[in-house]
Amino acid sequence: MISAKDMEGLFSAQLEKISAAALRKQVVDIWVAGCERGGWKSIDELKQIPFTLLTDTKGVNFIEHTIAVTEGALALGKAQKEAYAGMPYEIDMDRLVAGGLLHDVGKLMEIEKDGEGGYRKSYSGKCARHPISGALLAAESGADEELLNTIICHAKEGDGRPQVVETVLIHQADFATFNPLVMMSKGHLIQ
């Protein structure tokens with residue numbers, strides 16, 4: 001069974017960037033609940049999950065992707081805060097990091113082992129994509145509406161929907177890690 005201590009160790013560098021202790025704990029608790037619901041038993045198992053089933057990930061796993069998106073969104077937010085003389089909107093850095101860590105937490109229930117050394121979409125994943133299942137999981141933990149927005153609207157479910165600015169930054173960081181691999185598989189990535 002994956003414990004809170006396991007998750008704290010896995011994401012320690014990112015969790016340290018969340019100043020609110022209650023939010024840090026909530027993020028960890030949501031991950032632990034997702035692991036339990038998805039049937040994941042160890043950190044090693046989590047490190048084997050591909051971050052998407054939609055394209056060849058070239059070995060990039062779910063945990064690496066989660067960290068890259070979180071750090072990428074954080075860098076986008078910091079760049080704006082540092083570059084804009086008159087910041088036109090407020091960026092909640094705690095929410096940004098928490099949302100980055102949680103944006104794909106629903107994949108813990110969307111993806112399962114296929115019994116042949118690979119992975120497939122689970123029954124749960126066929127019923128509801130990860131933005132929906134992740135937001136429901138986070139809502140059960142008492143996550144606020146704005147944090148739920150970062151999870152549910154980070155992908156196509158958010159197209160045309162109102163979004164907190166942190167969702168926009170997470171969406172951009174997410175697709176910056178996904179699109180090059182899709183382009184690569186289609187022979188469209190210039191290298």
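We did not get these values from a lab; they are worked out from the coordinates using the rules stated. Given the structure is predicted, the values throughout are model-derived calculations rather than measurements. Cβ coordinates were reconstructed from backbone atoms using ideal geometry, including for glycine residues, and neighbour counts include every protein chain displayed.
Simple point charges give the picture: +1 on the Cβ of Lys and Arg, -1 on the Cβ of Asp and Glu, and for the chain a dipole about the Cα centre of about 400 debye.
A straight line joining the Cα centroids of the range 1-44 and the range 118-147 runs 16 Å.
Evaluated over the chain, the count of Lys pairs having alpha-carbon atoms less than 19 Å apart is 25 (only pairs 8 or more residues apart or interchain).
Packing-based ranking of 171-179, 91-99, 9-17 yields 91-99, 171-179, 9-17, ordered from highest to lowest mean Cβ neighbour count within 10 Å. Of the complete DSSP H runs in the chain, those spanning 20 angstrom or more by Cα along the long axis with a mean Kyte-Doolittle score not below -1.0 are 21-38, 62-83, 165-185.
Taking every alpha-carbon pair under 8 Å whose residues sit at least 6 apart, the chain reaches a relative contact order of 23 percent. Ordering of 159-170, 144-155 by packing is 144-155, 159-170, highest average first (other Cβ atoms within 10 Å, averaged per residue).
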